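Sharing a structure with you now.
The values are calculated or read from the model by the stated rules, or taken from the named source; none is laboratory data. Since the structure is predicted, the reported quantities are computational estimates derived from the model, not experimental observations. With ideal geometry, Cβ positions are generated from the backbone for all residues, glycine too; neighbour counts draw on all protein chains shown.
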Amino acid sequence: MKRYLGLLCMAAGLGLMTADAAPAADTIDAHVKAAQDAAGTDFSGTLARLCIQPAGGSDAMASARSAAAAAGAPAKPQPPRAIPDRSTWFAEPQKIYDNLYWVGTKVHSSWVLKTSAGLIVIDTLYNYAAEPEIVDGIKKLGLNPADIKYVIVSHGHGDHDEGAKLLQDRFGAHVVMGAPDWDSIIKSNNMPGGVPKKDIVATDGQKLTLGDTTVTIITTPGHTPGTLSLIFPVKDHGKTLIAAYVGGTAFNFPRDPAHFDTYISSSEKFAKATKAAGATVFLTNHSEFDSAYIKGRSVASLKPGEAGPFEVGSAVIQHYFTVTGECAKAAKMRLKGV
């Protein structure tokens, strides 16, 4: 572990950016080195989470729920979750682009995409944060939460799906989720805030159009069996940019070669899709991976004509997928004790 920590610190300090270079050898060290070269200073959080991560994953409760659903059994009832002190998670909403708003916490992200026919909410936070961050945040931004038409849930973990029922019940929003994750949350029936009524089951390549905006859904199983990633346009002072939204990153799945192969395949799949779409804006649902909380607070101070902090360019987006893929290959090899 000390060895990998040393490599991580060296990479962050040098800011290496040779993401497309193939590993010199098929070894754990070679894959970690390829990942850290790709990460540079852009994705140090992703590198730390994936290449240096506890064996049980990043969210034990989410992993247990996913494993139980895969086995066809309901998850064991969890004790009531203590709501963290508000000062540790609450954040003010931010306008990011002409038609894109961030309404997340200091840790997890929820996004609002404004169209000519209403709003699309992407991910819904923990139940305790949905009302103050999403509903109240939308109002603070001068929008109307009653205009929410669709809610896209990237995957069925509590930090992203627990607010879905609130938005569905209160505003009549359609909830979109991948089939395996719909099955998971329905079988578990163990969500704070309640399980949303099964609605739209996403398919690979599906085009979700609302007014003048179309969101392309790409199924990227790995983080969960039903993880969804997205490609959609945003407007920067009238200029159209293409955003890539990664729906799931950490290794919250049973640790076996087959699950890592699925994760690696999805990483490569979405990398190709984002490149083909010409995506230059990078977004995720955790500030750990895209620094959304910090970046969002800097948007208001941009000078006229200055590119926003989320517009990282196509090459940097590809670096991200090098990090995820190479770390997954290293983790898979560790299973074999190589």
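Output yes when any residue across segment 76-93 is under 22 Å from Lys149 (Cα atoms) and modelled with pLDDT of 95 or more, and no when none is. Even if it seems obvious, please write down each step before you answer.
Let us first name the residues in segment 76-93 that are under 22 Å from Lys149 (Cα atoms), namely 93.
Narrowing the set further to residues that are modelled with pLDDT of 95 or more leaves 93.
Checked segment 76-93: at least one residue is under 22 Å from Lys149 (Cα atoms) and modelled with pLDDT of 95 or more.
Could you please let me know if Lys269 is in a helix (DSSP H, G or I), touching a residue at least 40 places away in the same chain (Cβ under 8 Å) and over 21 Å from Ile317 (Cβ atoms)? Before you say what the answer is, go through the steps one by one.
Details: in a helix (DSSP H, G or I): yes; touching a residue at least 40 places away in the same chain (Cβ under 8 Å): yes; over 21 Å from Ile317 (Cβ atoms): no.
Answer is no for this residue.
Would you check if Thr209 is surrounded by fewer than 21 Cβ atoms within 10 Å (Cβ to Cβ), under 30 Å from Glu92 (Cα atoms) and touching a Leu at 6+ places or on another chain (Cβ under 9 Å)?
Answer is no for this residue.
Still on this structure, please answer the following. In this structure, is Ile28 at pLDDT 60 or above, under 22 Å from Ser267 (Cα atoms) and out of contact with any Asp or Glu (no Cβ under 7 Å at 6 or more places or on another chain)?
Yes, satisfied.
Would you say Val201 is touching a residue at least 12 places away in the same chain (Cβ under 8 Å), crowded, with 19+ Cβ neighbours inside 10 Å and not hydroxyl-bearing (Ser, Thr, Tyr)?
Taking the combined requirement at face value, the residue does not satisfy it.
Conditions first: (1) surrounded by fewer than 24 Cβ atoms within 10 Å (Cβ to Cβ); (2) more than 28 Å from Leu302 (Cα to Cα); (3) of a type in the set (Val, Ile, Thr); (4) touching a helix residue (DSSP H, G or I) at 6+ places or on another chain (Cβ under 9 Å). Ile242 passes all but one, so which condition is the exception?
Among (1) surrounded by fewer than 24 Cβ atoms within 10 Å (Cβ to Cβ); (2) more than 28 Å from Leu302 (Cα to Cα); (3) of a type in the set (Val, Ile, Thr); (4) touching a helix residue (DSSP H, G or I) at 6+ places or on another chain (Cβ under 9 Å), Ile242 violates only (2).
Does Thr46 satisfy the condition of being surrounded by fewer than 15 Cβ atoms within 10 Å (Cβ to Cβ), closer than 11 Å to Thr322 by Cβ and either at pLDDT below 90 or within 19 Å of the chain's Cα centre (by Cα) (or both)?
On the way: surrounded by fewer than 15 Cβ atoms within 10 Å (Cβ to Cβ): no; closer than 11 Å to Thr322 by Cβ: yes; either at pLDDT below 90 or within 19 Å of the chain's Cα centre (by Cα) (or both): yes.
Taking the combined requirement at face value, the residue does not satisfy it.
Out of segment 179-190, which residues are surrounded by 21 or more Cβ atoms within 10 Å (Cβ to Cβ) and out of contact with any Ser or Thr (no Cβ under 6 Å at 6 or more places or on another chain)?
Trp182, Ser184, Ile185, Ser188
OK, next. From the list Lys165, Lys114, Lys149, which residue is part of a helix (DSSP H, G or I) and among the basic types (Lys, Arg)?
None of the other options fit; the residue is Lys165.
Say whether the condition of being over 23 Å from Lys95 (Cα atoms) and at pLDDT below 95 is met by at least one residue in segment 163-184.
Yes, that holds for at least one residue.
While we're on this one: Kindly establish whether Ser298 is under 22 Å from Val112 (Cα atoms), without any contact (Cβ under 8 Å) to a residue 60 or more places away in the chain, among the small types (Gly, Ala, Ser) and touching a Gly at 6+ places or on another chain (Cβ under 9 Å).
It is true that Ser298 is under 22 Å from Val112 (Cα atoms), without any contact (Cβ under 8 Å) to a residue 60 or more places away in the chain, among the small types (Gly, Ala, Ser) and touching a Gly at 6+ places or on another chain (Cβ under 9 Å).
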